[in-house]
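Colleague: Before anything else, here's the structure in question.
What follows is calculated from the coordinates using simple rules that are stated; it is not laboratory data. The shown structure was predicted, so the numbers you read here are calculated from the model rather than taken from an experiment. When we count neighbours, we look across all protein chains shown, and the Cβ atoms used for this are built from the backbone with ideal geometry, even at glycine.
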Amino acid sequence: MKLSEVVPFAIALTGVLLDALTTIVGLSKGFYETHPYYSPLWALLIFWSLIGISRLLPRTRLLRTFTLVLSAAPFLGAVNNSLIILGVF
């Protein structure tokens with residue numbers, strides 16, 4: 001297995017872990033999770049499944065870009081949580 005095949009999974013894992021960490025920090029500061037069934041494990045399962053499915057499709061530039069954008073999507077949760085903790089939202 002080539003490193004380029006593992007990178008999207010590692011990026012998604014890092015994003016989910018940061019999202020979970022910022023969620024824990026927010027919960028400890030008295031905020032609450034708006035999604036009552038949020039679980040980092042489910043998030044990781046969903047992102048890794050979508051990345052895995054995208055890896056089965058024919059390799060095109062558009063699909064490679066989509067896969068990288070999809071793998072970076074969990075970082076949006078971490079950024080959102082950080083902005084809420086900092087009081088921006």
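Colleague: Kindly indicate whether any position in the stretch 15-33 is part of a helix (DSSP H, G or I), surrounded by fewer than 10 Cβ atoms within 10 Å (Cβ to Cβ) and of a type in the set (S, T, N, Q).
Modeller: yes
Colleague: Anything in the stretch 34-60 that is assigned to a helix (DSSP H, G or I), hydroxyl-bearing (Ser, Thr, Tyr) and free of Cβ contacts under 8 Å to residues at least 12 places away in the same chain? List them, or say none.
Modeller: Applying the first criterion (assigned to a helix (DSSP H, G or I)) to the stretch 34-60 yields 40-56.
So of that shortlist, the ones also hydroxyl-bearing (Ser, Thr, Tyr) come out as 49, 54.
Correct list: Ser49 only.
Colleague: For the stretch 61-89, what are the residues that are assigned to a loop (DSSP other than H, G, I, E, B), more than 16 Å from Asp19 (Cβ to Cβ) and in contact with a helix residue (DSSP H, G or I) (Cβ under 9 Å, 6 or more places away or on another chain)?
Modeller: Going residue by residue through the stretch 61-89, those that are assigned to a loop (DSSP other than H, G, I, E, B) are 73, 86-89.
Restricting the remaining residues to those that are more than 16 Å from Asp19 (Cβ to Cβ) gives 87-88.
Scanning the stretch 61-89 gives a single hit, Val88.
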